[in-house]
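**Q** Could you have a look at this structure, given as structure tokens, before my questions?
The values are calculated or read from the model by the stated rules, or taken from the named source; none is laboratory data. Everything numeric here is computed off the predicted structure, so don't read it as measured data. Glycine gets a Cβ as well: all are built from the backbone with ideal geometry, and neighbour counts include every protein chain shown. Please note that ligands, DNA and RNA were not included when accessible areas were found on the heavy atoms of the full protein model with its side chains. Shrake-Rupley method; radii C 1.70, N 1.55, O 1.52, S 1.80 Å.
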Amino acid sequence: MRKNNRPAMAAAALLAAAVLAAAVLALTLTARMAVAAEDAAAPADTAPAESNPATPEVTILNKHEVEGILGRDVRSATDENMGRVVDVLVDRGGQVRAAIIDFGGFLGLGSRKIAVDWNALHFPAPGKSGARIALELTRDQLKAAPEYQEGKPVVVLGSLGKLEPLPE
């Protein structure tokens, strides 16, 4: 009796496999048709980003023409150490207004940050590597200036030693 059941079981297994394969094929076709319908519904004027990339405008700056200033030493007209540049402040229009100088102290102790007018700084000629930034203020003027504190109104020490608040 067992010999007669084997062909029936094999036929049932083949039938089940065929039904399963048909179901998977139907789901795959349905998913592909849905994607095709979404693509067809997309506006015609929308092009993929890769097909028409906008070319940005570029400017090439030679290494000897530019240099970063953060961390650079600042010296007075009499070659006194005035500190180092730790930040640059710009106004809402993007114009550079002041440099923050980390002034005084020893090994980071007792130092203060002072906002000095950008125009009070004088930069070395291009191509002079290692040249220091000059500040047309004295140590006494920096000592008397209020400390820059982030989040509070900024008082900038002008090129003539005059204090000026930055507009908010």
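**Q** Using a simple spin-label model with points 7 Å from Cα along the Cα→Cβ vector, what separation in nm is obtained for residue 55 and residue 69?
**A** 3.4 nm
**Q** Shape of the stretch 67-154 from its Cα gyration tensor (a ≥ b ≥ c, root eigenvalues): rounded if a/c is under 1.5, otherwise prolate when a/b > b/c, or oblate? Could you put the intermediate results ahead of the total?
**A** Working: a/c = 1.62, a/b = 1.09, b/c = 1.50.
Judged from the Cα gyration tensor, the stretch 67-154 comes out oblate (a/c at least 1.5, b/c at or above a/b).
**Q** Could I ask something else about it? Which value, in Å² and to the nearest 10, is the accessible area of residue 152 when all protein chains are kept and the probe is 1.4 Å?
**A** So the heavy atoms of residue 152 present about 120 Å² to solvent.
**Q** Same structure again: With every protein chain left in place and a probe of 1.4 Å, what is the accessible surface of residue 101, to the nearest 10 Å²?
**A** Roll a 1.4 Å probe over it and residue 101 shows about 0 Å².
**Q** Here's something else I'd like to know. Along Cα→Cβ, 7 Å out, is where each label goes; now give me the distance between the ones at residue 76 and residue 122 in nm to one decimal.
**A** Label-label distance for residue 76 and residue 122, simple model: 1.5 nm.
**Q** Sticking with this structure for a sec: Test of understanding: what is the full-extension gain from residue 138 to residue 90, defined as 0.36 nm times their sequence separation minus their Cα-Cα distance? Please list the in-between numbers first.
**A** Numbers: separation 48, 0.36 × 48 = 17.28 nm, distance 2.38 nm.
Result: 14.9 nm gained on full extension.
**Q** Next question. Just how much of residue 140 is accessible, in Å², when a 1.4 Å probe is used and the result is rounded to the nearest 10?
**A** Using a 1.4 Å probe on the heavy atoms, I get roughly 110 Å².
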